[in-house]
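Let me begin by presenting the structure, written as structure tokens, before commenting on it.
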Amino acid sequence: MKRGRIFINGAVHQVHADQDGSVVLADGTKLAQDKVQWLPPVEPGTIFALGLNYADHARELAFKAPEQPLVFLKGPNALVGHNAYTPRPASADYMHYECELAAVISKTAKNVKEADAYDYIAGYTVANDYAIRDYLENYYRPNLRVKNRDACTPLGPWLVDAADIADPMDLRLSTSVNGKITQQGTTSDMVFSIPWLVEYLSAIMTLSPGDIILTGTPEGLVNVVAGDVIVTEIENVGRLVNTLIDDQDYLNRNI
């Protein structure tokens, strides 16, 4: 099943997807996807993000693929839903998208073995983890301004049940900017697989329901600017739409 969260009539609602693609509320009411305000499909716990977790992306940035995972944390304010706006700082010369498969933890996990890791995954969703290259110290240390800005990580629209994804390590990913495909890849090219990451992370700290693991992005990055419409899509998981907006216009919309 595909599950999501929307905000409508002053309240948050849990919804699921109908076969025709519409949004279905708990009482059976159907709504068009473009007529609702989307939220991230889960209430987030700890958000883990992986740097350089695709060998082709590491090469693209003139780095060797890491021998140990490059993990950093993100705050919940970084997340925003489907069809939302993301502010682009006017001072930035280079901002790029990152299409990523996100895995959501289903239950408390501590010292989980790789062979058992899928038992702890609730499902998968699409993430677009924008990065602002101007603010980057280096790719091994993405600082606060690069990856934790408000609304810099669209997520959704749906959380697809783990049971509905036959092999999360063999899914096609793509990104388009204003209708032109600019990024393509497959999750099979990850340096560190999802089960491996669950074992690694749960050995360090206890994982909790709602924790999110962003698994990195393949090669194919280009600069994007205010006004661009970016679509990140993952086979059998979903199609996530986001529009960049000038940061001052973004602030004015929220006053």
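Rounded to the nearest percent, how much of the accessible area of the chain (1.4 Å probe, protein heavy atoms only) is carbon and sulfur? Mind showing how you got there, number by number?
Numbers: 5520 of 11490 Å².
Of all accessible area on the chain, carbon and sulfur atoms account for 48 percent.
Considering the Cα positions of the stretch 64-173, please state its Rg to one decimal place and its Dmax as a whole number of Å.
Values for the stretch 64-173 (Cα only, Rg and Dmax): 15.7, 46 Å.
For the stretch 139-188, what Kirkwood radius comes out of the mean inverse Cα-Cα distance, in Å?
14.0 Å
Based on DSSP H runs of at least 4 residues, each adding -39500 (n - 2.57), what is the mean residue ellipticity at 222 nm of the chain after dividing by all its residues, to the nearest 500 deg cm²/dmol?
Details: 4 runs with 28 residues, N = 255.
Theoretical 222 nm ellipticity from helices: -2500 deg cm²/dmol.
List, in order, the whole-Hz ³J(HN,Hα) value for each residue of the stretch 15-29 obtained from phi through the Karplus relation with A = 6.51, B = -1.76, C = 1.60 and θ = phi - 60°; use x for Gly and Pro.
9, 9, 8, 7, 4, 7, x, 6, 9, 10, 7, 4, 8, x, 4
Below 8 Å, C-alpha to C-alpha, sequence gap of six or more: please give me the relative contact order for the chain in percent. Mind dumping the intermediate values first?
Working: 648 pairs, mean separation 68.6, N = 255.
The value is 27 percent.
Do me a favour and compute the ellipsoid semi-axes for the stretch 169-215 from its Cα gyration tensor, root of five times each eigenvalue, largest one first, whole Å.
Whole-Å semi-axes of the equivalent ellipsoid: 28, 13, 7.
Take the alpha carbon gyration tensor of the stretch 22-125, find the square roots of its eigenvalues, order them as a ≥ b ≥ c, and report rounded if a/c is under 1.5; if not, report prolate when a/b exceeds b/c, else oblate.
Details: a/c = 2.35, a/b = 1.21, b/c = 1.95.
It is oblate, given that a/c is not under 1.5 and a/b is not larger than b/c.
Could you do me a favour and compute the accessible area per residue for the stretch 107-255, 1.4 Å probe, result in Å²? List each step's numbers first, then the result.
Working: 6580 Å² over 149 residues.
Accessible area per residue, the stretch 107-255: 44 Å².
Whole number please: convex hull volume per residue of the Cα set in the chain, in Å³?
Details: hull volume 31.8 nm³, N = 255.
About 125 Å³ per residue, rounded to a whole number.
For the stretch 1-45, what are Rg and Dmax over the alpha carbons, in angstrom?
Final numbers for Rg and Dmax: 9.9, 31 Å.
If one puts a single equal scatterer on every Cα of the stretch 153-253 and applies the Debye formula without solvent, what log₁₀ I(q)/I(0) results at q = 0.11, 0.21, 0.23 Å⁻¹?
Scattering profile of the stretch 153-253, log10 relative to I(0): -0.43, -1.19, -1.30.
Strictly over 21 Å apart at the Cα level, which of K74/K113; K35/K180; K2/K35 would you flag in this model? Please report the intermediate quantities before stating the final value.
Values: K74/K113 25 Å; K35/K180 25 Å; K2/K35 18 Å.
Violating the 21 Å Cα-Cα cut-off are K74/K113; K35/K180.
Which order do D119, D134 take by accessible area at a 1.4 Å probe, largest first?
Numbers: D119 100, D134 65 Å².
Ranked from most to least accessible, the order is D119, D134.
The values are calculated or read from the model by the stated rules, or taken from the named source; none is laboratory data. All values derive from a computational prediction rather than experimental measurement. Calculation scope for accessible area: heavy atoms of the full protein, side chains included, ligands and nucleic acids excluded. Shrake-Rupley method; radii C 1.70, N 1.55, O 1.52, S 1.80 Å.
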